[in-house]
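Any read-out appearing in this document is the output of simple, stated calculations on the displayed coordinates, not a laboratory observation. None of these values were measured; they are calculated from a predicted model. Here Cβ is always computed from backbone atoms with ideal geometry, including for glycine, and neighbour counts include all displayed protein chains.
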Amino acid sequence: MQVSRTLASLDLVSEALGSGDISFKHASLIAGAAEKLREKFAGDAQQILVAAAKELDPARLQVAVMHLRHCVEPDGVLDEANEAHERRVLHLSQTFGGAFVLNGQFGADDGATLQTALDALMTAPAADDQRTASQRRADALVEMANRQLDAGVLPTVGGQKPHLLVTVEVPTLLKRPGARAAELEWAQPIPAETARRIACDCTLTPVIEGEVYGSRKVIPGWKRRALVARDKGCRFDGCDMPAAWTDAHHIKH
């Protein structure tokens, strides 16, 4: 309704819309700018935006409208940006089925920062990569978190560097029938196969009859260096990831 009322005072926009030279989306963008700028929406602004609307798609016209508002009313645009920043939110919750659901909203600069980081990790897929763009984006987000954890630069939690904690019994690691599921901190129990995948490149802390023994790396530093010298990078067919970005997973757990 507000768009219709504003269009009544924009003769050039109404004429272009009626003749089919611009779409309703174009008209609503111009009307929105006129409504926000009010008395500052004067002079040649309407003529310039109608001419632009005839040449540009709505997304590009939106950029032109924002440039106009920045020129005419910079403080108002800044207020809107600050309000958008205050609405930032991120929800991460686990379903009863064990999956995690991520939902959030960010301001323009924070969202662009996140997009830039994800794009850097979403390298061109290999020829046989069947993942969708959404799946690759999800994998990139997890990879970004893994790199932060592996780098050891995050603040300590409970007196130690944050890490993924899996509690698993020996029969589960050995894939023995009837073995219990593994327990993952912050999540529901996970299948034995998932625990074995995580365990093949981890720091192992044995707990035997309640007594804790010294931790050790399953892949110690010297073995990691030997893998880098031998393989020079990822061994997966079609993957060109450098050695520094790879995990020292076993072919067989």
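So if I take the centroid of the Cα atoms in the stretch 1-63 and the same for the stretch 132-172, what is the distance between those two points in Å?
Each part reduced to its Cα centre gives a spacing of 49 Å.
Across the chain, how many lysine pairs, 8 or more positions apart or on different chains, have C-alpha atoms separated by under 27 Å? Please give the number.
15
Counting other Cβ atoms within 10 Å, keep those with at most 15, restrict to DSSP loop, and tell me which chymotrypsin sites (Phe, Trp or Tyr not before Pro) in the stretch 1-102 are left.
When the chymotrypsin sites (Phe, Trp or Tyr not before Pro) of the stretch 1-102 are filtered for loop state and at most 15 Cβ neighbours within 10 Å, 96 remain.
Find, among the trypsin sites (Lys or Arg not before Pro) in the stretch 137-245, those assigned to loop by DSSP (not H, G, I, E, B) with at most 15 other beta-carbon atoms within 10 angstrom.
Counting only loop positions with at most 15 other Cβ atoms within 10 Å, the trypsin sites (Lys or Arg not before Pro) in the stretch 137-245 are 175, 180, 232, 235.
Every cysteine in the chain with no other Cys Cβ under 4.7 Å from its Cβ, please list them in numeric order.
If one checks each Cβ against the other cysteines of the chain, 71, 200, 202 turn up with nothing under 4.7 Å.
Counting only residues 5 or more places away or on other chains, whose amide H sits under 5 Å from the amide H of residue 202 once H atoms are built in the peptide plane?
218, 219
Which whole-Hz ³J(HN,Hα) couplings does the stretch 150-167 yield from phi under the Karplus relation 6.51 cos²θ - 1.76 cosθ + 1.60, θ = phi - 60°, glycine and proline marked x?
These are the phi-based 3J(HN,Hα) values: 5, 5, x, 9, 6, x, 5, 10, x, x, 9, 5, x, 7, 7, 10, 10, 9 Hz.
Could you tell me what fraction of 2.2 N^0.38 Å the Cα radius of gyration of the stretch 117-204 comes to, as a two-decimal ratio?
Computed over Cα atoms of the stretch 117-204, the ratio equals 1.32.
Using a Gaussian network model of the chain whose springs link C-alpha atoms within less than 10 Å, name the residue from 12, 165, 184 with the highest mean-square fluctuation.
Result for the chain, Cα springs under 10 Å: 12 fluctuates most.
Can you check what the net charge comes to around residue 81, using other residues whose Cβ is under 15 Å from the Cβ of residue 81 (Lys, Arg +1; Asp, Glu -1)?
-4
Where does the chain land at 222 nm, in deg cm²/dmol rounded to the nearest 500, when only DSSP H runs of n ≥ 4 count, each adding -39500 (n - 2.57), divided by all residues?
-15000 deg cm²/dmol
Classify the stretch 174-237 from the C-alpha gyration tensor, please: rounded if a/c falls under 1.5, else prolate or oblate depending on whether a/b exceeds b/c.
oblate
Counting other C-beta atoms within 10 Å, and keeping those with at most 13, which DSSP coil GluC sites (Glu not before Pro) do you find in the stretch 150-237?
Taking the stretch 150-237 and a limit of 13 other Cβ atoms within 10 Å, the loop GluC sites (Glu not before Pro) found are 185, 209.
Can you work out the Karplus-derived ³J(HN,Hα) for every residue in the stretch 196-205? Use 6.51 cos²θ - 1.76 cosθ + 1.60 with θ = phi - 60°, whole Hz, and x for glycine or proline.
Once θ is set to phi - 60°, the couplings for the stretch 196-205 become 5, 5, 5, 6, 6, 9, 9, 9, 9, 10 Hz.
Which Cα, out of 222, 61, 90, lies furthest along the positive dipole direction of the chain (beta carbon charges, K/R +1, D/E -1)?
Sorting the options by dipole projection puts first 222.
For the stretch 90-151, what log10 I(q)/I(0) values come out of the Debye formula at q = 0.18, 0.20 1/Å, with one point per alpha carbon and no solvent?
So the normalised log intensities are -0.82, -0.97.
Tabulate in residue order the Karplus-calculated ³J(HN,Hα) for the stretch 108-125, using 6.51 cos²θ - 1.76 cosθ + 1.60 with θ = phi - 60°, rounded to whole Hz; enter x for Gly and Pro.
The phi angles translate into 4, 6, 5, x, 5, 4, 5, 4, 4, 5, 5, 4, 5, 8, 8, 5, 3, x Hz.
Against the empirical 2.2 N^0.38 Å scaling, what ratio does the C-alpha Rg of the stretch 2-84 come to?
After normalising by residue count via 2.2 N^0.38 Å, the value is 1.03.
Any idea what log10 I(q)/I(0) is at q = 0.08 Å⁻¹ for the chain, Debye with uniform C-alpha scatterers and no solvent?
-0.58
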